[in-house]
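What follows is a set of notes on a single structure, which appears directly below.
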Amino acid sequence: MATKTELIQRWDSFLAKIEARYLESLQQAEEACMAQLVETDYDYYTVFRSWQGMKAQISNIVKKIDKTWDDNVRPQMEAISDHNDYFYEEEGRKVSRLSDNLHYKMQRFQTHLEGKLSQKFYDHAITIANQNFNCSQCGSTLTIKKDLFRSQYVTCTACNSVNIFEPETKFIQIGWDIIDNIIALKCLPLHDKMDVVLDEMRKLRKEEHTNEIWNKYKTVYFNYWKTFFKERIKFKSDAQERYEEDIERKKKEFEEYENSYRYNKYGIK
Amino acid sequence: MANPFEKIIKNSEKTKKQWDSEKKDSTVDAKQCNTCGAPRPKKTNLTTCDYCGTRFMSIDEKITPDL
């Protein structure tokens, strides 16, 4: 029968291998997705469906940690522990620690992957606006707006006629979630700051929540969303029209969160 | 070593939905008045022909181009 030290070493080695395999799989998923984007002539949504399949497969690796612990490791550790040594309880905590850590890495990886794929898609699709489009009345070259991803009225500078430019689907898709994914990656450091404060808050009991910690969270929360929406305007000029509405929505979400987390559902302390 | 996700890649391409509404090319066109044949000039109300007054849209609001 294996000793306590041997069992712990074997268990640690198993967890290290799982983590390595998980990270290697994420790397392989990124390579596959980036390659598929080019091979499909920048069909972002097909690549996105592939990623969902890969994500499900990679997430299954985490399930192996639980299963191995329950089926093999814990019974062996319990068998050799005496009445005063519950070392297996500490070993069991490694399951949730690693699972949570891998889950967090997956979330960050997804933001990175979507951001990179979207940037590649954007760099390709934005060139559609550089193609030669001519006025339907006099044939002069028209200038297409590169920050408006829908049909546009384009006035010919030569004959003053108003033309209607109807872009191909790929150009319109830039305005869907492509831009948001690029900005989400760009604003990730600000999102991290928000997560740090949120973690601080979650470690406190409700009674320990002070105005100071909530104000701190409010500051990083609005700093993130204001930056996000302002960055969006740089890419999409028509996003300016909904800026105030977007901020108002986030304000409402913040208040709802504060009401449910800090107070009871009726908003009474 | 081959990428372990090749099968998923192939499946997603095989099961791709073809959308009828997908537009493969961008187009440029100009609305011309059915009555007098004039195009719409810049800085004018796009709901009405600026030359003969024919209404293109049955709304009272004024619409001007983005550019």
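The values are calculated or read from the model by the stated rules, or taken from the named source; none is laboratory data. These numbers come from a predicted model, not from an experiment. Note that we place each Cβ from the backbone using ideal geometry, even for glycine, and neighbour counts take in every protein chain shown.
A few notes on this one:
- Residues satisfying the stated conditions in the range A:1-30, i.e. under 21 Å from B:Ala2 (Cβ atoms) and touching a residue at least 60 places away in the same chain (Cβ under 8 Å): A:Tyr22, A:Leu23, A:Leu26, A:Ala29, A:Glu30
- Consider the range A:1-59 and keep the residues that are part of a helix (DSSP H, G or I) and of a type in the set (Phe, Trp, Tyr). The one that is nearest to A:Ser99 (Cα to Cα) is A:Tyr22.
- Looking across the range B:12-26, the residues that are exposed (fewer than 14 other Cβ atoms within 10 Å of the Cβ) and within 7 Å of chain A (Cβ to nearest Cβ) come down to B:Lys16, B:Glu22, B:Lys24, B:Asp25.
- Selection count where residues are over 21 Å from A:Thr157 (Cα atoms) and not hydroxyl-bearing (Ser, Thr, Tyr), scope the range A:118-146: 7
- Considering the range A:178-197, and only residues there that are closer than 18 Å to A:Phe235 by Cα and of a type outside the set (A, V, I, L, M, F, W, C), the residue that is surrounded by the fewest Cβ atoms within 10 Å (Cβ to Cβ) turns out to be A:Lys186.
- Conditions (1) touching a helix residue (DSSP H, G or I) at 6+ places or on another chain (Cβ under 9 Å); (2) more than 9 Å from every other protein chain (Cβ to nearest Cβ); (3) among the hydrophobic types (A, V, I, L, M, F, W, C); number of the one not met by B:Met57: (1)
- Any hit, the range A:127-135, residues being within 14 Å of chain B (Cβ to nearest Cβ), part of a helix (DSSP H, G or I) and crowded, with 17+ Cβ neighbours inside 10 Å: yes
- Residues of the range B:27-43 satisfying the condition of being within 8 Å of chain A (Cβ to nearest Cβ) and either in contact (Cβ under 8 Å) with a residue 60 or more places away in the chain or surrounded by 13 or more Cβ atoms within 10 Å (Cβ to Cβ) (or both): B:Thr27, B:Val28, B:Ala30, B:Lys31, B:Pro39, B:Arg40, B:Pro41, B:Lys42
- Taken over the range A:1-17, the residue count meeting the criterion of being at pLDDT 95 or above and not hydrophobic (A, V, I, L, M, F, W, C) is 5.
- Search result, residues across the range A:199-257 that are farther than 21 Å from A:Asp147 by Cβ, β-branched (Val, Ile, Thr) and modelled with pLDDT of 95 or more: A:Thr219, A:Val220
- Boolean, B:Ala2 is among the aliphatic types (A, V, I, L, M) and surrounded by fewer than 10 Cβ atoms within 10 Å (Cβ to Cβ): yes
- Filtered by the rule that a residue be touching a Cys at 6+ places or on another chain (Cβ under 7 Å) and in contact (Cβ under 8 Å) with a residue 60 or more places away in the chain, the range A:103-158 gives A:Leu113, A:Leu117.
- The range A:30-52, subset touching a helix residue (DSSP H, G or I) at 6+ places or on another chain (Cβ under 7 Å) and of a type in the set (Phe, Trp, Tyr), residue surrounded by the fewest Cβ atoms within 10 Å (Cβ to Cβ): A:Tyr42
- Condition check for A:Glu241: surrounded by 12 or more Cβ atoms within 10 Å (Cβ to Cβ) and either of a type outside the set (Ser, Thr, Tyr) or assigned to a helix (DSSP H, G or I) (or both): no
- Complete set of residues in the range B:27-43 that are over 20 Å from the mean Cα position of the chain (by Cα) and either closer than 22 Å to A:Thr157 by Cα or not in a loop (DSSP other than H, G, I, E, B) (or both): B:Gly37, B:Ala38, B:Lys43
- Answer residue from the range B:44-62, given it is within 21 Å of the chain's Cα centre (by Cα), among the β-branched types (Val, Ile, Thr) and assigned to a loop (DSSP other than H, G, I, E, B) and is surrounded by the fewest Cβ atoms within 10 Å (Cβ to Cβ) among those: B:Ile59
- Of all residues in the range A:152-177 being facing another protein chain (nearest Cβ under 8 Å) and of a type in the set (Phe, Trp, Tyr), the one that is surrounded by the fewest Cβ atoms within 10 Å (Cβ to Cβ): A:Tyr153
- Among the residues of the range A:54-72, those identified as within 25 Å of the chain's Cα centre (by Cα) and either closer than 16 Å to A:Glu19 by Cβ or of a type in the set (Asp, Glu) (or both) are A:Ile58, A:Ser59, A:Asn60, A:Ile61, A:Val62, A:Lys63, A:Lys64, A:Ile65.
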